[in-house]
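Read the structure below first, then the notes.
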Amino acid sequence: MAHIQWTSDLDTNIQVIDNQHRRIVDYINQLDDVNESKNPAEIEQVLNDLVDYTLSHFAFEESLMEEAGYPFINGHKRVHELFVKRVSDFQQRFKMGEDISRELLIVLKSWLINHIKSDDNDYVSLVQSNLTQDSKKNTDGWITRSVKKFFR
Ligand SMILES: [Fe+2]
């Protein structure tokens, strides 16, 4: 399948978030590559890494929204939660021996792109101004601390 190409309309211009989104895109493209190999152990490894990283990213993003006082955080958290559930259903089917990679890749690609462009885009201005205020107050260590907290 065609890889996801990063285009500028995916940028939130919050660098720490864009770096994480790019990393998720890399994992999805990597899953696409190992899917061609049809090696279940390889697919499982990339799938686990992708899920692990995405969970950390969601937790990080949620704390960023919370810190900024984003009013629709609960709805956004719910969207994350439903997506995690959807992916874990795929993981279960995969463990039962079903070949789900192609279907999963289609879901991942469209979900992520949509989510970045609409749901994530909605918190950007508030989070950005909060981060700007933080750096003025010289408290920009918050990002570094949070990255350490959520990413092993
Ligand atoms: Fe999100």
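When each of 54, 139 is tested for being modelled with pLDDT under 95 and either buried (at least 18 other Cβ atoms within 10 Å of the Cβ) or polar (S, T, N, Q) (or both), the lone residue that passes is 139.
I need the full set of residues from region 73-128 which are within 17 Å of the chain's Cα centre (by Cα) and among the small types (Gly, Ala, Ser), in order please. Listed by number, the residues that qualify are 75, 88, 110, 118. Taking every residue in region 25-42 that is outside any helix (DSSP H, G or I) and pairing it with any residue that is open to solvent by less than 30 Å² (accessible area, probe 1.4 Å), at least 6 positions away or on another chain, the pairs with Cβ-Cβ distances below 9 Å are 38/101. Taking region 74-105 as the range and being without any contact (Cβ under 8 Å) to a residue 12 or more places away in the chain and either hydrophobic (A, V, I, L, M, F, W, C) or on the phi > 0 side of the Ramachandran plot (or both) as the test, the residues that pass are 82, 96, 97, 100. Considering every residue within region 26-47, establish whether at least one is over 16 Å from residue 100 (Cβ atoms), charged (D, E, K, R) and within 16 Å of the chain's Cα centre (by Cα). The answer is yes, given that some residue of region 26-47 is over 16 Å from residue 100 (Cβ atoms), charged (D, E, K, R) and within 16 Å of the chain's Cα centre (by Cα).
Going by the structure shown, is residue 94 within 11 Å of the ligand (Cβ to nearest atom), part of a helix (DSSP H, G or I) and among the aromatic types (Phe, Trp, Tyr)? Criteria not met by residue 94.
Of all residues in region 69-87 being away from the ligand (no atom under 13 Å from the Cβ) and under 15 Å from residue 127 (Cβ atoms), which is most open to solvent (accessible area, probe 1.4 Å)? The residue in question is 71.
The values are calculated or read from the model by the stated rules, or taken from the named source; none is laboratory data. In this text the structure is predicted, and so the values were computed from the model without any measurement. Cβ atoms come from the backbone with ideal geometry, glycine included; neighbour counts cover every protein chain shown. Heads up: the accessible areas ignore ligands, DNA and RNA and are worked out on the full protein's heavy atoms, side chains in. Shrake-Rupley method; radii C 1.70, N 1.55, O 1.52, S 1.80 Å.
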